[in-house]
Amino acid sequence: MLKIKDLHVEAGGKEILRGINLEIMDGQTSVLFGPNGSGKSTLLAAIMGLGHCKVTKGNIVYNGVDITNMPIDERARMGIGMMMQRPPNIVGVKLKDLVRVISKDDSVTDRANEFRMDNFLERDINVGFSGGEIKRSELLQLTAQKPKFVLLDEPESGVDLESIDLVGKKVRELLYEDSHCDLGKTVSALVITHTGQILDHIGADRAYILNDGHIKCSGRPTDLLKDIRERGYKECIQCRMVKM
Amino acid sequence: MQNGKDVKESLNKKANYGPDVNLDDYKVGTYTPEITNDIDDVSDDVKKRMVNVGVMPCKTSRSGTIFFIDNGPSYVSSESKDLELLPIREAAKKYDLSEYLWKAVDPGKDKYTSKTYLEDSDGYFIRVKAGKHIKTPVQTCMLLNRNKQMQNLHNIIIVEENASLEVITGCTTGKHAHESLHVGVSETYVKDGGSLKFSMIHNWSQGTHVRPRSGCIVGRNAKFVNNYIILNKVGSVQSYPATYLNGEGASAKYSSICLGHEGSDIDMGCLVELNAPGTSAEIISRSITLGGRMVARGRLVGRAPGVKAHLECRSLVLNDAGLTLAVPELESTVADVEMTHEAAVGKIARDQVEYLMMRGLTEDEAVGMIVRGFLEGGISGLPPELKKDIDDAIAKANLGS
Ligand SMILES: Nc1ncnc2c1ncn2[C@@H]1O[C@H](COP(=O)(O)OP(=O)(O)O)[C@@H](O)[C@H]1O
Ligand SMILES: [Mg+2]
């Protein structure tokens, strides 16, 4: 599905990613851990093609196509979707109008109540939204978009306990789109999480720790999470480096 | 008190803002235009121009229609007995208008008011009887039909005590009248408990010069809402309407949407004086500069306790040509006021465009959506016809689709 080779990325004139190698298989959910400022969001932004990241070396191949320099909207139309950690306010543009344009009809705006966003359809996108409202709005938009590969940047951060189950459920529906019974996920994902809470809802196949612009180690998500929780990033990485 | 001699001296007085216009370059337009018996009879070309400025060429969904061509009335029809709608020269024969004529606008202000005073110009007179609510809008249309001519109009609107009214006024030019001058003096009176929503839509030619001169006096607990929209090319517009909130609890809201095309010079101001306790005002201006000169001025003056007012000037600059200037001003002579302003001038934020592209919109679609939202966000309750005009203008100016 996605293959990243020796990716170097600059943001704000600083090299943030220094040679990332990563492969995600069809239907697989991968998790990205790493301390604050390690470059997790930057990696997702580079995959999406956002302008503030500059790829200086390496490439990103999606379904066999090199997308390293492809415009954002073409990537979106190829099936890549993203939930941003901190999306911008769009004053004057109503959530309803955007969702309608994305889904090309009213099928998803009519379902806004499932996301507890029905009272937000007439509001300007993200303006004055709380943490949880932003996540639910992002999920509503993604649901309209029906991506084949989703990038989720801290889907549970800022979400209160009451909403977390809803967010988890909607992320799950996104990944198991059109899937019946136990056929497994049809949509692949790369998920950033600090708490791992979201993993209770979607499960994950593989996890990576990003630090200093490199992927330091990988393993089973539950194992890595346990190590990080018990020992913190620094020790966890050191220990695993030794083992590797 | 003004007398004719003083006003005559003002014939050479330049306006405070905007490029000067030499009145001698224009012939005074005709006072006896062709009479239209049925609004449906006007030519298709004129009809199209009317619709573009929010004027419906039919009687349905309007309480009244008055149509001026150049300096004279061409068509008048009123559908409500609670409403008086007639040319002001006729109204002046019927009534003593001395308490309304030149009481909200000073005739000696500049050469444009002076000319209108000395011409004793015609225009529309609209009055709603006390306590009456006119359900659908009254529409007025001003067509500047001849090239190199000057249109001078003097309009009066009176909303009597506890009455309410909505007026849509559209101003436009005829097919060949590219280099003409429009001067319109409007005096508006919203009496105690009254309410007026007034929307003005301009659609001129690229060489037209436009000098509206407006004053509005608002009484106790009365409400005045004023919208102004200009989306197409124009030679120059310079306007600085003034509203005087003289009655306790009166309020005013001004919104304007302007597109400053290359070659256009738009200088839009707005003054609200909050002269009575508990009055409130809001001025919102949204403009886009596409290579023209775009000035947005706003001035709030607080003169009584408990006054609340806010001024917001936002401008998007879409290319490096042209000039954008935002001039927000607040003045107060008492302590107990709450007056604020914000002004922002800048380009479209890249992260917003990218956010929409992330959802699959092309760059043009994303820019179009943001620009549309930016403009429409300035006016609440925008009629659907005008939303369509905004969409068309955005498409025509190549601001995305
Ligand atoms: N647009 C930008 N301009 C300047 N610095 C940036 C920009 N985006 C990210 N950075 C910097 O890059 C580093 C990694 O940021 P980020 O990818 O957001 O980290 P994470 O998501 O892992 O917390 C941080 O030091 C951050 O300040
Ligand atoms: Mg981050």
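The values are calculated or read from the model by the stated rules, or taken from the named source; none is laboratory data. All values derive from a computational prediction rather than experimental measurement. Neighbour counts run over all protein chains shown; Cβ positions are idealised from the backbone, glycine included. For accessibility, only protein heavy atoms count, side chains too; no ligands or nucleic acids. Shrake-Rupley method; radii C 1.70, N 1.55, O 1.52, S 1.80 Å.
Rounded to the nearest 20, the size of the Cβ-charge dipole of the protein assembly as shown about its Cα centre is 580 debye, with Lys and Arg at +1 and Asp and Glu at -1.
Taking the Cα centre of chain A as origin and assigning +1 to Lys and Arg Cβ atoms and -1 to Asp and Glu Cβ atoms, the resulting dipole is close to 720 debye.
Extension gain, residue A:36-residue A:205: 0.36 nm per intervening residue step, less the Cα-Cα distance, totals 58.6 nm. Where a ≥ b ≥ c are the square roots of the eigenvalues of the C-alpha gyration tensor, would you call region A:15-82 rounded, which needs a/c under 1.5, or, failing that, prolate if a/b is larger than b/c, or oblate? Taking the square roots of the gyration eigenvalues as a ≥ b ≥ c, region A:15-82 is oblate. Counting only alpha carbon atoms, the long axis of helix A:221-243 and the longest principal axis of chain A meet at about 30°. Which translational diffusion coefficient, to the nearest whole µm²/s, is obtained for region A:52-139 from the Stokes-Einstein equation, given a Kirkwood hydrodynamic radius over C-alpha pairs, 20 °C and 1.002 mPa s? The calculation lands on 144 µm²/s. Take the protein assembly as shown with all the other protein chains still there, run a 1.4 Å probe, and you get 41 Å² of accessible area per residue. Overall, the accessible surface of region B:348-401 at a probe of 1.4 angstrom is composed of carbon and sulfur to the extent of 49 percent. Of the GluC sites (Glu not before Pro) found in region B:261-341, those that fall in a DSSP loop while having at most 16 other beta-carbon atoms within 10 Å are B:262. Against the longest alpha carbon principal axis of chain A, how many degrees, from 0 to 90 and to the nearest 10, is the axis of helix A:161-175 turned? The helix A:161-175 is inclined about 80 degrees to chain A. Computed over region B:26-158, the alpha-carbon pair-distance distribution with 5 angstrom bins reads 2, 10, 19, 21, 21, 15, 9, 3, 0, each value a whole percent.
Since only B:87, B:304, B:230 are under comparison, the one whose Cα sits farthest along the positive direction of the charge dipole of chain B, derived from C-beta charges on Lys, Arg, Asp and Glu, is B:87. Rolled with a 1.4 Å probe across the full set of protein chains, the surface gives residue A:100 an accessible area near 100 Å². Heavy-atom surface analysis with a 1.4 Å probe gives chain A a carbon and sulfur content of 47 percent of its accessible area.
A straight Cα-to-Cα reach below 19 Å connects residue B:253 with the lysines B:191, B:197, B:223, B:308, residues fewer than 8 places away in its own chain not being considered.
With everything on Cα atoms, drop me the angle between helix A:131-145 and the longest principal axis of chain A, reported from 0 to 90° to the nearest 10. The helix A:131-145 is inclined about 80 degrees to chain A.
Considering only A:34, A:132, A:51, the Gaussian network model of chain A with Cα springs below 10 Å gives its largest mean-square fluctuation to A:51. Hydrodynamic estimate: the Kirkwood radius of chain A over Cα pairs, inserted into Stokes-Einstein at 37 °C and 0.692 mPa s, corresponds to D of 178 µm²/s. So if we plug the beta-carbon distance of residue B:17 and residue A:70 into 1/(1 + (r/R0)^6) with R0 = 60 Å, what FRET efficiency do we get, rounded to 0.05? Using R0 = 60 Å, I get an efficiency of 0.80. When a/c is below 1.5 the answer is rounded, else prolate if a/b is larger than b/c, else oblate, so apply that to region B:84-192 with a ≥ b ≥ c taken from the square roots of the Cα gyration tensor eigenvalues. Judged from the Cα gyration tensor, region B:84-192 comes out oblate (a/c at least 1.5, b/c at or above a/b). The modelled label-to-label distance for the pair residue A:105/residue A:195, using points 7 Å beyond Cα in the direction of Cβ, is 3.7 nm.
The overall shape of chain B, judged from the alpha-carbon gyration tensor, is rounded, with an a/c ratio under 1.5.
Give me the percent relative contact order of chain B, please, defined on Cα pairs under 8 angstrom at least 6 residues apart.
10
Going down the table (B:47/B:388; B:93/B:129; A:94/A:169; B:48/B:81; A:40/A:234), which pairs top 22 Å between alpha carbons? Violating the 22 Å Cα-Cα cut-off are A:94/A:169; B:48/B:81.
Measuring between their Cα centroids, region B:153-226 and region A:131-178 lie 50 Å from each other.
Counting only residues at least eight positions apart within a chain, or on another chain, the aspartates and glutamates with an alpha carbon under 12 Å from that of residue A:54 are A:10, A:15.
Would you mind checking region B:133-157 for residues with the amide N under 12 Å from a putative spin-label position 7 Å along Cα→C-beta of residue B:79? Flagged as within label range: B:135-139. Ordered from largest to smallest accessible area (heavy atoms of protein chains, 1.4 Å probe), the residues B:204, B:102 come out as B:102, B:204. Taking the chain by itself as reference, region A:69-88 contains these residues with an accessible-area loss of 10 Å² or more in the full protein complex (1.4 Å probe, heavy atoms): A:72, A:73, A:76, A:77, A:82, A:84, A:88. In the assembled protein chains, residue B:24 presents an accessible area of approximately 140 Å² (probe radius 1.4 Å). Between residue B:334 and residue B:364, the contour length at 0.36 nm per residue exceeds the alpha carbon distance by 5.9 nm.
Report the local net charge at residue B:260: Lys and Arg +1, Asp and Glu -1, summed over other residues whose C-beta lies under 11 Å from its C-beta.
Spelling it out: positives minus negatives among the neighbours equals -1.
Taking trypsin sites (Lys or Arg not before Pro) across region B:159-203, the ones in a DSSP loop with at most 14 further Cβ atoms lying within 10 angstrom of their Cβ are B:175.
Compared with the rule-of-thumb size 2.2 N^0.38 Å for a compact globular protein, region B:348-401 has a Cα radius of gyration ratio of 1.14.
Using all Cα-Cα distances in the protein assembly as shown, what percent lands in each 20 angstrom bin from 0 up to the longest? Result, from short to long distances: 17, 41, 25, 15, 2, 0 percent. Under the simplified labelling scheme, the residue B:41-residue B:61 pair shows an inter-label distance of 2.5 nm, with each label point 7 Å from Cα along Cα→Cβ.
To the nearest Å, what is the center-to-center distance of region B:246-270 and region A:66-118, using C-alpha atoms only? Computed from Cα coordinates, the inter-centre distance equals 34 Å.
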